[in-house]
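**Q** Mind having a look at this structure? Questions to follow.
The values are calculated or read from the model by the stated rules, or taken from the named source; none is laboratory data. Because the structure is a prediction, the values reported are computed rather than measured. In this analysis, Cβ positions are derived from the backbone assuming ideal geometry, glycine residues included, and neighbour counts consider all displayed protein chains.
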Amino acid sequence: MREIVIISGKGGTGKTSLTAAFASLAKNSVLCDADVDAADLHLLMQPEVRQRTDFMGGCKAIINKDLCTNCGTCIDLCRFGAISEQFQVDAIRCEGCGVCVDFCPVAAIDFPVQRCGEWYLSETRFGPMVHARLGIGEENSGKLVSLVRKEARQLAEKQGADLIITDGPPGIGCPVIASIGGATVLVIVVEPTVSGIHDMERVVDLAAHFKVPGMVCVNKFDLNIKMTEAIEQLALRRNVAVLGRVSFDPSFTRSMVEGKTLFEYGEPTATWQQVRDIWTHITSSPSMNTLGIVDLKSSIQ
């Protein structure tokens with residue numbers, strides 16, 4: 001089994017649109033949305049939820065007034081100002097560090113695990129999908145990403161799927177680290193801007209640190225040809241494969257508005273072939289082809 005994770009150094013690069021397009025080209029695959037903080041792959045996949053499960057992660061302090069002696073130890077120790085003079089815990093300010101729990105002299109502080117969100121097993125027109133929704137302002141997104149990827153792998157094994165296509169989160173933080181560990185290849189989507197090339201360097205460094213093969217795709221390349229060339233030259237210097245270029249195409253936006261992938265909307269365009277060629281390069285790369293899991297004749301139409 002192989003997993004393609006599509007990531008970017010920032011949001012809005014077209015990562016999810018390309019993930020959806022790849023999903024429509026792939027055969028016998030499982031979809032995974034690992035961008036749990038701002039999930040949006042479901043807007044294009046329109047999944048039918050088959051199983052809904054609470055995600056429990058992180059704890060919040062709750063003071064038991066029946067046991068509390070108002071000694072003030074918890075107030076003195078809390079570095080987040082989460083405990084008031086009336087010994088009430090502000091759930092927003094509480095970081096769940098547990099210091100007050102450990103040092104309360106009369107064990108008057110409870111520390112229950114909180115419900116932080118939900119994760120789902122769903123069915124789409126392109127096959128099964130695992131996705132999640134993290135609660136507003138909740139933490140432990142990295143833990144939820146790991147859970148979603150684990151469930152996607154188990155589902156793929158159960159259904160005999162050859163491939164997992166994962167829409168990863170942007171940036172280089174904890175959720176991204178959780179989304180790339182153990183991946184077969186990373187598809188790094190880059191925009192031809194100064195910030196885009198800077199963000200790409202950070203993502204390439206992250207991929208190199210975790211020893212995951214990276215590949216670069218320049219989206220909206222025709223907005224700045226010189227910057228596109230600079231991105232491709234940087235990728236080659238860093239031994240990162242260049243998958244190709246995708247034009248700035250309003251069809252992407254129009255298809256999203258209708259909840260469709262690029263290949264489901266309108267008439268064929270030059271962009272269609274660009275995306276198909278990129279998919280061919282991904283699936284025929286040495287990392288993907290080691291075990292010969294991808295049949296290009298059936299995957300590319």
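**Q** Taking the condition farther than 15 Å from residue 3 by Cα, at pLDDT below 90 and among the small types (Gly, Ala, Ser), does residue 266 pass?
**A** Values: farther than 15 Å from residue 3 by Cα: yes; at pLDDT below 90: yes; among the small types (Gly, Ala, Ser): yes.
Judged against the criteria, residue 266 is a match.
The rows are residues; the columns are (1) in contact (Cβ under 8 Å) with a residue 60 or more places away in the chain; (2) surrounded by 14 or more Cβ atoms within 10 Å (Cβ to Cβ); (3) out of contact with any helix residue (DSSP H, G or I) (no Cβ under 8 Å at 6 or more places or on another chain).
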| residue | (1), (2), (3) |
| --- | --- |
| 116 | yes, yes, no |
| 128 | yes, yes, no |
| 149 | yes, yes, no |
| 155 | yes, yes, yes |
| 159 | yes, no, yes |
| 167 | yes, yes, no |
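**Q** Please state which one of 211, 297 is modelled with pLDDT under 95 and within 22 Å of the chain's Cα centre (by Cα). Steps first, answer last, please.
**A** Numbers: 297 fails: within 22 Å of the chain's Cα centre (by Cα).
So the residue among 211, 297 that is modelled with pLDDT under 95 and within 22 Å of the chain's Cα centre (by Cα) is 211.
**Q** Additional query: Of everything in the range 41-61, what is surrounded by 16 or more Cβ atoms within 10 Å (Cβ to Cβ) and more than 19 Å from residue 141 (Cβ to Cβ)? Give them in sequence order.
**A** 44, 45, 47, 61
**Q** Can you name every residue in the range 71-86 that is touching a residue at least 12 places away in the same chain (Cβ under 8 Å) and surrounded by 11 or more Cβ atoms within 10 Å (Cβ to Cβ)?
**A** 71, 73, 74, 75, 77, 78, 80, 82, 83
**Q** Are there strands (runs of 3 or more DSSP E) fully within the range 145-259 with at least 3 residues that are more than 29 Å from residue 129 (Cα to Cα), outside the structural domain of residue 28 (by TED's automatic domain parsing) and touching a Pro at 6+ places or on another chain (Cβ under 6 Å)? List them. Walk me through how you get there before you give the answer.
**A** Numbers: elements: 163-170, 185-190, 214-219, 241-246.
In the range 145-259, there are no strands (runs of 3 or more DSSP E) which contain 3 or more residues that are more than 29 Å from residue 129 (Cα to Cα), outside the structural domain of residue 28 (by TED's automatic domain parsing) and touching a Pro at 6+ places or on another chain (Cβ under 6 Å).
**Q** Would you please list the contacts, defined by Cβ atoms under 7 Å and residues six or more apart or on different chains, that run from a residue in the range 263-276 that is assigned by TED's automatic domain parsing to the domain that holds residue 251 to a residue that is in a loop (DSSP other than H, G, I, E, B)?
**A** Short answer, once both residue conditions are applied: 265/258; 269/249; 270/247; 271/247; 271/249; 274/247; 276/300.
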